[in-house]
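**Q** Mind looking over this structure? Questions follow.
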Amino acid sequence: MTWPTDLREMLNGEEVLIINARAPTALLETASHSEITDINLMLDQGRIVGINPAHNPGFEGPVIDLDGGLILPCFTDIHTHLDKGHIWPRRQNPNGTFEGALSSVMEDREANWTTEDVRARMTFSLECAYHHGTTAIRTHLDSPGKQAAISWPLFEEIRSEWSDRIELQAASLFGIDAMDDEAFLPALLPHMTKAGGVLGAVAYPVPRLEEHLETLFKTAIDRNLTLDFHADETRDPSSDCLLKIAETAKRMKFDGRVLIGHCCSLARQRADTIDRTLDVVAEAGLGVVSLPLCNLYLQDRLYDGHAPITPHWRGVTLLHEMKARGIPVMIASDNTRDPFYAYGDLDMLEVYREATRIAHLDHPVADWPGAVTKTSAAFGEFAASSCLSEGRPADIILFRARSWTELFARPQHDRIVLRGGRAIDTALPDYRVLDPIVGEPKHD
C-alpha cells in the first residue's frame, strides 16, 4: 500500500489530525510498558497541539489515517565532518585503514580546501541530511594552520543560511599534539569563539597528553566553552585517553558538557580497566557518542602482506555497559564519502538501523531510539528537542512501516518528512552537481 496521492497537500502546516499512528514510547512524554504506543496526533500552525486528543465528532478539518504507520521526531546528528564530506572521488583511501584515511585527508585539505570547495561540499551534505529528516547537526571542522581562517568564517555563513532548516554547531578538530606549539591554541580561539564554537581535539597517547588536556579544560572553564573530543579511535588496548579525559574533568571539577567520540579501544581492554574507566566517566558526567559505521569500516582492517584479513571485532565501544551506568550514550553519522568512510548519506535512519544490527540495540529496543534523537538534542543543548511533545514544532517523519522490523528491513525511501507541519520535498541532490568540485567517480 502506498501513501494517498493527496497526502502531501494535506500536510501544509495547517490544522490536521493524524490518527491510527504509532510512535516509540521512549520518545513520548507518557508512561507505557510497551516499546511502541498507538497515538493520534493533532497538528496546527506548524506545531504539535495534541497527542491522543479526545475524539471530537465536530472536527471538520482534514484527517489522515496512518494505518498503523510509525512516527518519529526528526533526528539530531551530534558528530559529523561536513568539511570532509564527498572528497572520495578525488581522494580515496588507498587501503581502507585509519592511517590511510588520515594521510589522504591531510593531503586533500592542503591541496583543495578553499572556501568555494568546502562550501559546495558542506551544502550538498546539508541538503542530504535535511531531506532525510535531520533537524540538528554538530560538525567538526579541521582547524590546523591556515584552515581555521577558511572554515570557521564559512561555517558562520552557512549556519545563517541554513538557520530555518538545520540547527548547526561546530567543534574544532586538531591533533592534541598540535598544542606542543604554544602559539597554536591562541591563534585558533578567535576564529572558534567568534563563531560560538565547541572546543574539540583528537586525543591520543602523546608525551604531553595530560598537560594538554588540562590546558583545554582550563580554557573551557575560563571561556565558558563546551568540550568535544575524539578519543581512542584504535584497536590498541593500551590507548586510555577516555580515562584520562574523565580524570581531568573530575580533578578540575568541570561542570560543563564534555562529549567523547569513538572510544573503540575500551572494548579491547581488561575487565577491571573497563570498570574503572566507566566508573570515572559516569562520575565526571561525560557523554559518549558512538560512530558505528565509520568504526566498522576502519577498525581491525588488517593485511597479511597485501591480502586482507577478516576483522575479528566490530570496532564499536561498550554502549550497553555505558548506558547501564547512566552515561548519556549517543549515535551519529561521522564521516560521509571521504577516506574515513567511503559510504553514507547523513541519513540518521540508516545509521540507527545499522547501529541496531552492529551493537545489538534490540531485544529490547527500550529507549535506544533516544540515542539518535532526544538524548543527542539534550546533551548538545540544541533548541530542537527531537521528541514528540505538545507545543513543539511539528518536525516529524511519517513512515508506512508499522514496527521496528518493518522499519529496519527497508531503506524507507518513501518516508514523509514534516518541518513545521509541512511536507518537504525529499528528492535528494544528484552527485553530478559535485563533479566540477571533486571530479567524476573513478571506475577502478
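**Q** Starting from residues that are touching a Leu at 6+ places or on another chain (Cβ under 9 Å) and open to solvent by less than 10 Å² (accessible area, probe 1.4 Å), keep the ones in segment 343-361 and report whichever is nearest to Pro292 (Cα to Cα).
**A** Ala355
**Q** Follow-up. Can you name every residue in segment 309-330 that is within 30 Å of Glu107 (Cβ to Cβ) and buried (at least 22 other Cβ atoms within 10 Å of the Cβ)?
**A** Taking segment 309-330 first, the residues within 30 Å of Glu107 (Cβ to Cβ) are 309-311, 313-317.
Gly315, Val316, Thr317, listed by residue number.
**Q** Report, ordered by the first and then the second residue, all pairs with beta carbons closer than 7 Å, sequence separation of six or more or different chains, a first member in segment 57-74 that is under 16 Å from Trp3 (Cβ atoms) and of a type in the set (Gly, Ala, Ser), and a second member that is part of a loop (DSSP other than H, G, I, E, B) and modelled with pLDDT of 95 or more.
**A** Once the first residue is under 16 Å from Trp3 (Cβ atoms) and of a type in the set (Gly, Ala, Ser) and sits in segment 57-74, its partners that are part of a loop (DSSP other than H, G, I, E, B) and modelled with pLDDT of 95 or more give Gly68/Arg402; Gly69/Phe399; Gly69/Arg400; Gly69/Ala401; Gly69/Arg402.
Results for (1) out of contact with any strand residue (DSSP E or B) (no Cβ under 7 Å at 6 or more places or on another chain); (2) assigned to a loop (DSSP other than H, G, I, E, B); (3) in contact (Cβ under 8 Å) with a residue 24 or more places away in the chain, shown as yes or no for each residue.
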site: Met179; (1), (2), (3): yes, no, yes
site: Pro190; (1), (2), (3): yes, no, no
site: Leu199; (1), (2), (3): no, no, yes
site: His212; (1), (2), (3): yes, no, yes
site: Lys218; (1), (2), (3): yes, no, yes
site: Phe229; (1), (2), (3): no, no, yes
site: Ser239; (1), (2), (3): yes, yes, yes
site: Ile245; (1), (2), (3): no, no, yes
site: Thr248; (1), (2), (3): yes, no, yes
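**Q** Quick test of your reading of the structure: His131 fulfils all but one of (1) surrounded by fewer than 24 Cβ atoms within 10 Å (Cβ to Cβ); (2) outside any helix (DSSP H, G or I). Name the failing condition by number.
**A** So the condition that His131 fails would be (2).
**Q** Then there's this: Under 8 Å between Cβ atoms, which residue pairs at least 6 apart in sequence (or on different chains) link something in segment 296-307 that is within 27 Å of Leu318 (Cβ to Cβ) with a partner that is loosely packed, with under 10 Cβ neighbours inside 10 Å?
**A** Asp300/His312
**Q** Same structure, new question: Can you name the residue in segment 250-284 that is outside any helix (DSSP H, G or I) and of a type in the set (Gly, Ala, Ser) and, of all such residues, is surrounded by the fewest Cβ atoms within 10 Å (Cβ to Cβ)?
**A** In this case the residue turns out to be Gly256.
**Q** I would also like to ask the following. Which of the strands (runs of 3 or more DSSP E) contained wholly in segment 60-119 include at least 3 residues that are in contact with a strand residue (DSSP E or B) (Cβ under 7 Å, 6 or more places away or on another chain) and within 30 Å of Ile260 (Cβ to Cβ)?
**A** Details: elements: 63-65, 71-73, 75-80.
Output list reads 75-80.
**Q** Determine whether segment 143-166 contains at least one residue that is of a type in the set (Ser, Thr, Tyr), open to solvent by less than 10 Å² (accessible area, probe 1.4 Å) and part of a loop (DSSP other than H, G, I, E, B). Full working, then the answer.
**A** Within segment 143-166, the first condition is being of a type in the set (Ser, Thr, Tyr), and the residues that meet it are 143, 151, 160, 163.
Next, from what is left, pick out any that are open to solvent by less than 10 Å² (accessible area, probe 1.4 Å): 143, 151.
From what is left, the residues that are part of a loop (DSSP other than H, G, I, E, B) are 143.
The answer is yes, given that some residue of segment 143-166 is of a type in the set (Ser, Thr, Tyr), open to solvent by less than 10 Å² (accessible area, probe 1.4 Å) and part of a loop (DSSP other than H, G, I, E, B).
**Q** For segment 276-284, indicate whether the set of residues that are modelled with pLDDT of 95 or more and under 23 Å from Thr134 (Cα atoms) is non-empty.
**A** no
**Q** Here are some conditions: (1) crowded, with 18+ Cβ neighbours inside 10 Å; (2) more than 22 Å from the chain's Cα centre (by Cα); (3) more than 23 Å from Ser172 (Cβ to Cβ). Glu247 meets all but one. Which one does it not meet?
**A** Unmet for Glu247, out of (1) crowded, with 18+ Cβ neighbours inside 10 Å; (2) more than 22 Å from the chain's Cα centre (by Cα); (3) more than 23 Å from Ser172 (Cβ to Cβ): (3).
The values are calculated or read from the model by the stated rules, or taken from the named source; none is laboratory data. Because the structure is predicted, anything quoted here is derived from the model rather than measured. Positions of Cβ are generated from backbone atoms using ideal geometry, with glycine treated the same way; all protein chains shown enter the neighbour counts. Heads up: the accessible areas ignore ligands, DNA and RNA and are worked out on the full protein's heavy atoms, side chains in. Shrake-Rupley method; radii C 1.70, N 1.55, O 1.52, S 1.80 Å.
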